[in-house]
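Engineer: If you scroll down you'll find the structure; I have some questions about it.
What follows draws every value from the coordinates through simple rules; no lab data is involved. For clarity, every value in this text was computed on a predicted model and none was experimentally measured. Neighbour counts run over all protein chains shown; Cβ positions are idealised from the backbone, glycine included.
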Amino acid sequence: MLFKLINIKDYMVTRDIQLKNIETETIEICFDDSALVGIENFEFMKIGNLYDCKIMLFGDVVTEKIERAVKCDIINENIKIGNRLLVEVLVGKDIYYVTKKYLKKNSQEKFFLFRVSRKDLIQVDNIIHADFKEK
């Protein structure tokens, strides 16, 4: 998905990246620790520029709609980004990724409820976060 970089909030070794989805106009606040874990990282990003980004949801599966819980419609159960096999989900009109551990084995469910605690930037253009690469 194509995003416009709106703002960067720097911390000591990490930062929060504010992005606007060009298609859906959703504003995302994403955690970026790519410079902490790899030489090839997302520090090249500049405010005002457009980037093809992949965002991963962190949190946990819940059984009922609670605060910060979203309905994740499963698009694809086997998306590979770097060395990780992830699940591609649709939340409203926005695409995200979650780890496969959240899916029940042999389940026919096409969605699950997920309480989001954080969103991480895991790929920008052709650069993949170092945590997703072969060690």
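Engineer: Below 13 Å, Cα to Cα, which aspartates and glutamates can LYS20 reach? Residues fewer than 8 away in the same chain don't count.
Structural biologist: Cα-Cα hits under 13 Å: GLU28, ASP52, ASP94.
Engineer: So between MET12 and ASP125, what do we pick up on full extension, going 0.36 nm a residue minus the alpha carbon distance?
Structural biologist: 38.2 nm
Engineer: Still on this structure, I have one more. Assign unit charges at the C-beta atoms only (+1 for Lys and Arg, -1 for Asp and Glu), then state the dipole size of segment 2-132 relative to its Cα centre in Debye, rounded to the nearest 20.
Structural biologist: 420
Engineer: Run lengths n ≥ 4 of DSSP H only: what is the helix-derived mean residue ellipticity at 222 nm for the chain, with -39500 (n - 2.57) per run over all residues, to the nearest 500?
Structural biologist: Value at 222 nm, helices only, nearest 500: -500 deg cm²/dmol.
Engineer: Right, here's the next one. Of the listed pairs LYS65/LYS100; LYS93/LYS133; LYS80/LYS101; LYS65/LYS93; LYS4/LYS100; LYS80/LYS119, which have alpha-carbon separations greater than 26 Å here?
Structural biologist: LYS93/LYS133; LYS4/LYS100, as the Cα separations exceed 26 Å there.
Engineer: Counting other beta carbons within 10 Å of each residue's own, what order do PHE114, PHE132 fall into, fewest first?
Structural biologist: PHE132, PHE114
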